[in-house]
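In what follows, a single structure is set out as structure tokens and then discussed.
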Amino acid sequence: MEISASNDSCAYGQPGIFRGHLRFDNPRLADYSWPLCEIRGRKPGPRLCVSAGVHVNEVSSIEAAVRLQRMIDPETIRGSVSIIPLINQPAFYKYTELVCPIDGRNINFTFPGNSDGTFSEALCDSIMNEWCVGADCYVDMHGGDLRENVSKFSIFQRTHNVELDAMGRRMAMCFDAEIVMGLPAAHMEKSGRAPTGFARHNRLALMSEAGANGLLDEGSISFHLEGVLNIARTLGIIDAPLAPFLNARIPCDEYLWLDCPVDGEFHAEAEPGDRVTKGQRLGTIRNLFGETLAEVTAPETGFLLWRMTHPTIPKGSPIGAVAVEETSGRQQR
Ligand SMILES: [Zn+2]
């Protein structure tokens, strides 16, 4: 990594608040630099890395990454908190939905990446192996691209490593979430989200999701912020009790995508966070004459995690997702 400081910054690696830019060593990433804020205490301690803007329209999470920079006092913390508020630099000012415009890949499903691969693969590899080297935990904040609304949830990756699982669950519970999603261990068989890619190397990463439609929303911003601060408190970086929890934080262990069965207009009958039962109608697909073409039903009993808000959806594209509560489904099957 090559790091350059802004004028008002302390020197990188010294106690205080660093502000500047980083360039990754991988030559595939040479045309871009990333804004970096790193808050370092005088006492040694854990390292927490936090990012947003893998999806550049998920603005509540990006704003949380900006505000976080002003909420941690280097005089009182142990260790360091390192923040990159916008990962998908090639999409910045392009408002690209979901993917990186250079290679058309969704960075969010590209971890752990590949140093010899495409731009997104190289970026995921550099996030893991340059920026997050030595990090005790990485948190990637998301939530609601331009046509989506998501419930408040957090994600960790289940593995066959009992200690890592316990740590992932504990950190995911730091968010005042409606749903705490532990992704099935089978997800580790292929590239995936940061929690999945990190877990493949026995490392810890989390995701938080809250927000909608490219709107700044105070409730979503504070969900991300308080969750990350609670993680810093749990790790021992910040010496303070956890902020209180108001939501149910229901543990779920299956993430089921709902694909649109036919080209048309989706009219939803359930909202993110709603409890849904197997077979319940979640909405209908209609054509431009108002005729119903198909119904969308819940594949299992659980919770609607998120849904598309723009009604126009082509066949095969995702409409939303259902989270299945731990123990409820699997033990009966
Ligand atoms: Zn996202």
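The values are calculated or read from the model by the stated rules, or taken from the named source; none is laboratory data. If you're wondering where the values come from, they're calculated on a predicted model, not measured in any experiment. For neighbour counting, all protein chains shown are included, and Cβ atoms are generated from backbone atoms with ideal geometry for every residue, glycine included.
Show me the strands (runs of 3 or more DSSP E) entirely contained within the range 243-297 in which 1 or more residues are modelled with pLDDT under 95 and polar (S, T, N, Q).
Once the strands (runs of 3 or more DSSP E) in the range 243-297 are filtered for at least 1 residues that are modelled with pLDDT under 95 and polar (S, T, N, Q), nothing remains.
Yes or no: Phe92 of a type in the set (Phe, Trp, Tyr) and within 19 Å of Gly214 (Cα to Cα)?
Yes, satisfied.
Kindly provide the set of residues from the range 36-48 that are surrounded by fewer than 19 Cβ atoms within 10 Å (Cβ to Cβ) and out of contact with any Lys or Arg (no Cβ under 8 Å at 6 or more places or on another chain), ordered by number.
Hit for the range 36-48 is Arg42, nothing else.
Show me the strands (runs of 3 or more DSSP E) entirely contained within the range 8-59 in which 2 or more residues are within 16 Å of the ligand (Cβ to nearest atom). Talk me through it step by step, then tell me what you get.
Details: elements: 16-23, 34-40, 43-51.
Of the strands (runs of 3 or more DSSP E) lying wholly inside the range 8-59, those with at least 2 residues that are within 16 Å of the ligand (Cβ to nearest atom) span 43-51.
Among what's in the range 67-78 and is over 10 Å from Leu225 (Cβ atoms) and of a type in the set (A, V, I, L, M), pick the residue that is nearest to the ligand (Cβ to nearest atom).
Out of the qualifying residues, it is Ile72.
Please verify whether Ile83 is part of a loop (DSSP other than H, G, I, E, B), touching a strand residue (DSSP E or B) at 6+ places or on another chain (Cβ under 6 Å) and either away from the ligand (no atom under 13 Å from the Cβ) or within 27 Å of Arg307 (Cβ to Cβ) (or both), treating the condition exactly as stated.
Judged against the criteria, Ile83 is not a match.
Being within 30 Å of Leu225 (Cα to Cα) and surrounded by 15 or more Cβ atoms within 10 Å (Cβ to Cβ) is the requirement here; does Val276 meet it?
yes
In this structure, does Thr301 turn out to be among the β-branched types (Val, Ile, Thr) and over 20 Å from Cys174 (Cβ atoms)?
yes
With respect to the numbered conditions (1) part of a loop (DSSP other than H, G, I, E, B); (2) touching a Lys or Arg at 6+ places or on another chain (Cβ under 9 Å); (3) within 16 Å of the ligand (Cβ to nearest atom), which one is the sole condition not fulfilled by Leu98?
(2)
Per-residue answers, yes or no, for (1) touching a Pro at 6+ places or on another chain (Cβ under 8 Å); (2) closer than 29 Å to Glu326 by Cα; (3) surrounded by fewer than 19 Cβ atoms within 10 Å (Cβ to Cβ):
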position	(1), (2), (3)
Leu246	no, yes, yes
Leu256	yes, yes, yes
Gly264	no, no, no
Leu288	no, no, yes
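Check Ser61 against each of (1) free of Cβ contacts under 8 Å to residues at least 24 places away in the same chain; (2) surrounded by 15 or more Cβ atoms within 10 Å (Cβ to Cβ) and name the one condition it does not meet.
Here Ser61 clears every test but (1).
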